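To start, the structure itself, in structure tokens.
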Protein chains: 2
Amino acid sequence: MSREPQARTGAPTLEDVARVAGVSRATVSRVVNGVRNVDPAIQSAVREAITATGYAPNRAARSLVTRRAGTIALVVSGAGGDAEGADFAARVFADPFFGRVVGGVVGYLRPRSLHPVLLFAETDVTREQVIAYLRQGSADGALVVSTHAADPLPARIVETGVPAVLFARPGIPVPLSYVDLAHREGGRMAAEHLLERGRSRIVTITGPLDVLAGQDRLTGFREAMARRGTAHVPFAEGGFTLASGEEAMRGLLREVPDLDGVFAANDLMAQGACQVLREQGRRIPRDVSVVGFDDSAAATTCRPPLTTVRQPVEAMGAEMARLLHERIEGGPAEAEAVLFDPELIVRESS
Amino acid sequence: MSREPQARTGAPTLEDVARVAGVSRATVSRVVNGVRNVDPAIQSAVREAITATGYAPNRAARSLVTRRAGTIALVVSGAGGDAEGADFAARVFADPFFGRVVGGVVGYLRPRSLHPVLLFAETDVTREQVIAYLRQGSADGALVVSTHAADPLPARIVETGVPAVLFARPGIPVPLSYVDLAHREGGRMAAEHLLERGRSRIVTITGPLDVLAGQDRLTGFREAMARRGTAHVPFAEGGFTLASGEEAMRGLLREVPDLDGVFAANDLMAQGACQVLREQGRRIPRDVSVVGFDDSAAATTCRPPLTTVRQPVEAMGAEMARLLHERIEGGPAEAEAVLFDPELIVRESS
DNA sequence: GTGAAAGCGCTAACAT
DNA sequence: ATGTTAGCGCTTTCAC
């Protein structure tokens, strides 16, 4: 039934199909695009001709006239200036968080025949490459996941006029929609849980404080602690990595040897904290309760499994894609924020 | 100097630039594409006109005539039939391995202005979507990372005539280039290391045996053990996940309570094995030596840090991209295999 | 060294 | 309901 493999060059065109089917290019185009008002008999004739020729529409030609690329830029952005390790991509994906974002985004995009192009903007140079890419009309829109509050990319994207949606509230105000989590609420949940567990010498390992999510989780945590009468909570700043969690935990143990509760601003750091605590002979949760954040894979692989504040990352990724799609399809141009609620997941670490 | 933000629609075209610069479209095109034989004076006039208008070449139009998309499909492929969890993407990136592949690929592609489109082909339906995408000429080539030996995708891709390169030797022979690791050699290294450590009751946690890499690591491991006189090595099959490593370890401990050496076919499983061993009071490496495979992030975050067989994944990803690029640029069409050598990294777990 | 013009493959008015 | 036609924005002979 179907034809020989087509060499990419000299692939059959609408013209070829039209000739075989004995109709005009326009009619074939209508059939291909599912436009009504085509005689059923002709329709099937065209379909036959399509399989006979092995025709597939040429994306560039179609894009040129429809002004749609069928492509979405999925950009992971840092705030770096000149230098940044060459392993940015690998480091990014070392946090299970990003894989989940991608999963959510792809889940929305795929059924709609939109394809994500993966871009990294970790330095000035690469940032400009992303802008150049967007300015070429290569993508119909951009989904941006920033790793820093000071990220200059969103503002640059606004200038291009390309529709974009952010993951997380931008540090520098820009008129773009974003999805985010109620981080403070999450911090509050962690604090109250620790308190309910009867912990009284509580410390926290924060995220990088140049990341809004890190800030906000800390703020919410502190506020809840203050509301219960604790004015000061010893803390150490981490970098959302396992190693930084270990280091922070070591420091805090030195500072507060009799601590009995730890809130880490993500699971990776909580896992690091657990490792250090156990190394030093503290039993979890008997001696120390540990609460993480994200509910990523790290939470369940950690020993013991982590009590954590769940972030519905996949849903957030999907929503981000939906917002962008809506905007591309001509929806309202006003920036919109969609806030998700965190959920406390109690496991064995607390 | 530079102009107003351009609304994407009605973006300036070559024509506009030509008018402003007082030259023809052809000349502007030459300047933009860095073709020589353009008077320096005219060149700078054109450049000025370009910044004045805020011109950026339209990718679709360019692609249509050059027959180059400037895009590479980066497809992660499974062998699933109908169903497969919706979280395929998230699961894939849960293994640090893929992030490293992406890092290597992007490192090669980016300086060449090639952009990776992320595609997942885990079911029959999504596989056909990938094929359809490729047939549209949407990408100049495909980079395929298969998770199963029985993956039907490579063969389907060959039919499209689109250049492609695989990560890992395909289970079903196809005329495509691939990069791979000398997995058997790696298995051998692990065995010899364990033996040198004086271990005599050694077991192994294999990868999924429907993955060639899993098979080969096991084969190499067994051969080396046999060469040293051990005919049979107790083993349990894992799924390259941490949880499967734990489960396998539990089973093996029941089967061989006095075991003193473990080779796990990847770091994630080795990490799981370590957790179980410690839970059961075995000290690592005093009582039991553990060796992993990959040298992924898991190897260093594991307690204790893992001795492992390093796979130069980033370099392999970059080489895969290079092979594809070469092929796209008209290099030899014969399939080529590039084999990388593993390296034993000794840390504290053995 | 530069311009004129053809045409890449497709969609969308417009005409019939 | 179908065909004709005019571009979409660009590169690339081919003249000059």
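The values are calculated or read from the model by the stated rules, or taken from the named source; none is laboratory data. Keep in mind the model is a prediction, meaning the values are calculated, not measured. Heads up, the Cβs are rebuilt from the backbone with ideal geometry, glycines too, and the neighbour counts pull from every protein chain shown.
Just a few scattered comments:
- In region B:136-155, the qualifying residues are those that are surrounded by fewer than 22 Cβ atoms within 10 Å (Cβ to Cβ) and more than 10 Å from B:Ser77 (Cβ to Cβ), and the one that is nearest to the other protein chains (Cβ to nearest Cβ) is B:Gln136.
- Those helices (runs of 4 or more DSSP H) lying entirely in region B:1-109 with at least 1 residues more than 27 Å from A:Val130 (Cβ to Cβ), of a type in the set (A, V, I, L, M, F, W, C) and near DNA strand C (Cβ under 9 Å from one of its atoms): B:14-21, B:25-32, B:40-53
- Test: A:Gly331 is within 28 Å of A:Leu74 (Cβ to Cβ), modelled with pLDDT under 95 and not β-branched (Val, Ile, Thr): yes
- Candidates are the residues of region A:285-305 that are over 14 Å from A:Glu343 (Cβ atoms) and away from chain B (no Cβ under 13 Å); the one that is surrounded by the most Cβ atoms within 10 Å (Cβ to Cβ) is A:Val290.
- A single member of A:Pro304, A:Pro285 is in contact (Cβ under 8 Å) with a residue 40 or more places away in the chain and in contact with an Asp or Glu (Cβ under 6 Å, 6 or more places away or on another chain), and it is A:Pro304.
- The residue pairs whose first member lies in region B:27-50 and is away from every other protein chain (no Cβ under 14 Å) and small (Gly, Ala, Ser), whose second member is in a helix (DSSP H, G or I) and more than 8 Å from DNA strand C (Cβ to nearest atom), and whose beta carbons are closer than 7 Å, counting only pairs six or more residues apart or on different chains, are B:Ser29/B:Leu14; B:Ala45/B:Ala21; B:Ala49/B:Val17; B:Ala49/B:Val20; B:Ala49/B:Ala21.
- Qualifying positions in region A:24-62 - touching a Ser or Thr at 6+ places or on another chain (Cβ under 9 Å), under 30 Å from A:Leu143 (Cα atoms) and within 9 Å of DNA strand D (Cβ to nearest atom): A:Ala60, A:Ala61
- Looking only at residues in region B:64-113 that are at the interface with another protein chain (Cβ under 8 Å from one of its Cβ atoms), crowded, with 21+ Cβ neighbours inside 10 Å and of a type in the set (A, V, I, L, M), the one that is farthest from B:Gly239 (Cα to Cα) is B:Ala69.
- Scanning region A:273-293 for residues being of a type in the set (S, T, N, Q), out of contact with any strand residue (DSSP E or B) (no Cβ under 8 Å at 6 or more places or on another chain) and not in a helix (DSSP H, G or I) gives a total of 1.
- Residue check: B:Gly317 meets all listed conditions (1) in a helix (DSSP H, G or I); (2) farther than 30 Å from B:Leu143 by Cβ; (3) in contact with a Phe, Trp or Tyr (Cβ under 9 Å, 6 or more places away or on another chain) but one, namely (2).
- Filtered residue count, region B:127-146, keeping only those that are in contact (Cβ under 8 Å) with a residue 40 or more places away in the chain and either in a helix (DSSP H, G or I) or small (Gly, Ala, Ser) (or both): 10
- Remark: A:Ala318 falls outside the filter, which requires a residue to be within 19 Å of A:Ile205 (Cα to Cα) and modelled with pLDDT of 95 or more.
- In region B:256-279, the residue that is nearest to A:Gly281 (Cα to Cα) out of those that are touching a residue at least 40 places away in the same chain (Cβ under 8 Å) and surrounded by fewer than 19 Cβ atoms within 10 Å (Cβ to Cβ) is B:Asp258.
- Test set (1) in contact with a helix residue (DSSP H, G or I) (Cβ under 9 Å, 6 or more places away or on another chain); (2) under 28 Å from A:Thr126 (Cα atoms); (3) not hydroxyl-bearing (Ser, Thr, Tyr) - B:Asp82 fails condition number: (2)
- Residue within region A:170-181 that is facing chain B (nearest Cβ under 9 Å), farther than 21 Å from B:Leu118 by Cα and of a type outside the set (Asp, Glu) present: no
- Condition check for B:Leu195: hydrophobic (A, V, I, L, M, F, W, C), surrounded by fewer than 20 Cβ atoms within 10 Å (Cβ to Cβ) and away from chain A (no Cβ under 14 Å): yes
- All conditions but one from (1) touching a Gly at 6+ places or on another chain (Cβ under 7 Å); (2) within 16 Å of DNA strand D (Cβ to nearest atom); (3) modelled with pLDDT under 95 apply to A:Ala89; the one that does not is (2).
- Residue match in region A:243-255 (condition: part of a loop (DSSP other than H, G, I, E, B), surrounded by fewer than 19 Cβ atoms within 10 Å (Cβ to Cβ) and over 28 Å from the mean Cα position of the chain (by Cα)): no
- The condition of being in contact with a His (Cβ under 7 Å, 6 or more places away or on another chain) and more than 16 Å from DNA strand D (Cβ to nearest atom) holds for only one of B:Ala79, B:Ala73, that being B:Ala79.
- Qualifying residue in region B:225-240 (condition: crowded, with 21+ Cβ neighbours inside 10 Å and touching a residue at least 60 places away in the same chain (Cβ under 8 Å)): yes
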